[in-house]
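Structure, as structure tokens:
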């Protein structure tokens, strides 16, 4: 998904009606937002964080110091590892790490829904859509988390809904 | 419905398997359903039941808002996987029945000894009658034509999706790809169904639910066995 499209989705999910115009910079099409009176903001996570504050939903950035750090950690993860991957092997490693991380957590920070969940959902959507039934079962915790986030009101919007089958077809262990 | 005895390791195992792909007991937000099950569990589940433990810790974090979570607290036996026997004694429906409507039980979880004994007796009679049912079951062999959107649709995935449809009385058979022109191939797949349990309407609904791959489905042939 192009960065500008993703930021527009984020705006809508935050309830912002404005509709900023984003431009792209450089070879990797990094999004840029020109603010009204201030400097221009560059970078997906920077702009996303700014939008959250504009929408008065700072709780989405975490409440305790540790939680805020974890949110930042996953935003960084999204830009470096999810967007930066190139091979199928990268994707597998990423899903494996994420799967073991999510084993004991409902959301990325543990118990609360944050911006990290939103951006990771948008970032991973194009990969999860293509997973086979067997892979979705293999990365069961990722599937559980993804299915949960896509049902969260206002997040999925026009993105396709990924089907997760209820019956375990392949293995009994994970 | 129900998880069995949640104070026993077997019940916790059922809960664990149920929660493997779900964040909450019902739906996608915490509700009174989670509160009901949380209160039935005697403490945090052991670490090897990782999903139950994850759920437990998560619901515990809602300790203060317990009373304000949405939904109505129902009897424990109404939650959980549909094929587990309800041992909480609050419903009189046959556990093998998919029917959730409780015609004989009361809302009260407490049941008098007399009523319980009577219910067990009646259940035992029903079971024995069911067991005597004749072994001959009416079956049919159906040949389905599943058509993709275009020639770029991944037919392997499509077949996988179709074969993933599971139902009691449904057995998938062999399949092959038949070209229909312009490079498009349709999937012709055989299946054997028990007439009482599976119908072509249900199959059609479930197959066409895979909207990303399947454009339509037709019954090419239908033979009684």
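Only the coordinates and a few stated rules stand behind these numbers; no lab work does. All of these numbers come straight from a predicted model, not from anything done at the bench. Counting neighbours? That spans all protein chains shown, and the Cβs are built from the backbone with ideal geometry, glycine included.
Which whole number gives the average, over all residues in B:48-59, of C-beta atoms from other chains lying within 10 Å of the residue C-beta?
On the way: counts 0, 0, 4, 6, 0, 2, 8, 2, 0, 5, 7, 2.
Mean shielding count: 3.
Taking a virtual spin label 7 Å from the Cα of residue A:130 along the C-beta vector, which residues in the range A:84-117 bring their backbone nitrogen under 17 Å of it?
Hits in the range A:84-117 for residue A:130 at 17 Å: A:84-96.
Report, in deg cm²/dmol and to the nearest 500, the calculated mean residue ellipticity at 222 nm for the protein assembly as shown, where each DSSP H run with n ≥ 4 adds -39500 (n - 2.57) and the sum is divided by the residue count. Walk me through the numbers before you get to the answer.
Working: 13 runs with 148 residues, N = 399.
Calculated from helices alone, the mean residue ellipticity at 222 nm is -11500 deg cm²/dmol.
Can you tell me the convex hull volume per residue for chain A, based on C-alpha atoms, in Å³ to the nearest whole number?
Working: hull volume 20.9 nm³, N = 174.
So the per-residue Cα hull volume is 120 Å³.
In what sequence, highest mean first, do B:188-201, B:46-59, A:111-124 appear when ranked by Cβ atoms within 10 angstrom? Present the calculation step by step, with values, prior to reporting the outcome.
Working: B:188-201: 16.0, B:46-59: 18.9, A:111-124: 22.1.
Output ranking for B:188-201, B:46-59, A:111-124: A:111-124, B:46-59, B:188-201.
What does the convex hull of the Cα atoms come to per residue for the protein assembly as shown, in Å³? Before the final figure, lay out each step's value.
Details: hull volume 73.4 nm³, N = 399.
Measuring per residue, one finds 184 Å³ for the Cα hull of the protein assembly as shown.
Mind checking B:20-28 for the average number of partner chain beta-carbons within 10 Å of each residue's beta-carbon? Write down the numbers at each step before the final one.
Working: counts 7, 13, 4, 9, 2, 0, 0, 1, 7.
Counting other chains' Cβ atoms within 10 Å and averaging over B:20-28 gives 5.
Can you bin the range B:9-78 into rounded, prolate or oblate? Criterion: square roots of the alpha carbon gyration tensor eigenvalues sorted a ≥ b ≥ c, rounded for a/c under 1.5, prolate for a/b above b/c, oblate for the rest.
Working: a/c = 1.63, a/b = 1.46, b/c = 1.11.
Prolate, because a/c is 1.5 or more and a/b exceeds b/c.
Tilt of helix A:3-14 relative to the longest C-alpha principal axis of chain A, in degrees (0 to 90, nearest 10)?
So the helix axis and the longest Cα principal axis differ by about 90 degrees.
Averaged across the residues of A:141-149, what count of C-beta atoms belonging to other chains lies within 10 Å of each residue's C-beta? Write down the numbers at each step before the final one.
On the way: counts 5, 0, 2, 7, 2, 0, 4, 6, 2.
Mean shielding by partner chains, rounded to a whole number: 3.
For the range A:1-104, restrict the atom set to alpha-carbon positions and state the Rg and Dmax in Å.
Rg then Dmax for the range A:1-104, in Å: 15.2, 45.
For the range A:1-56, how big is the tail of P(r) above 14 Å, as a whole percent of Cα pairs?
On the way: 755 of 1540 pairs.
Result for the distance tail: 49 percent.
Any idea what angle helix A:115-128 forms with the longest principal axis of chain A, computed on alpha-carbon atoms, 0 to 90 degrees, nearest 10?
The two axes meet at around 60 degrees.
Just check the range A:54-129 against the gyration tensor rule for me: Cα atoms, a ≥ b ≥ c as the square roots of the eigenvalues, rounded for a/c under 1.5, and otherwise prolate or oblate depending on whether a/b exceeds b/c. Before the final figure, lay out each step's value.
Numbers: a/c = 2.16, a/b = 1.66, b/c = 1.30.
Prolate is the answer for the range A:54-129, as a/c is 1.5 or above and a/b outweighs b/c.
Could you tell me how many degrees, from 0 to 90 and to the nearest 10, lie between the Cα long axis of helix A:44-54 and the main elongation axis, the longest principal axis, of the Cα atoms of chain A?
70 degrees
Based on the alpha carbons, how large is the Rg to Rh ratio for the range B:139-224 when Rh follows Kirkwood? Show your work: numbers first, answer last.
Details: Rg = 12.3 Å, Rh = 12.9 Å.
So for the range B:139-224, dividing Rg by the Kirkwood Rh gives 0.95.
Between the range A:108-174 and the range B:42-61, what is the separation of their alpha carbon centroids in Å?
21 Å
Quick one: if you stick a label point 7 Å off each Cα along the C-beta vector at residue B:176 and residue A:105, how many nm between them?
5.2 nm
What distance in nm lies between label points placed 7 Å from Cα along the C-beta direction at residue A:23 and residue B:201?
6.0 nm
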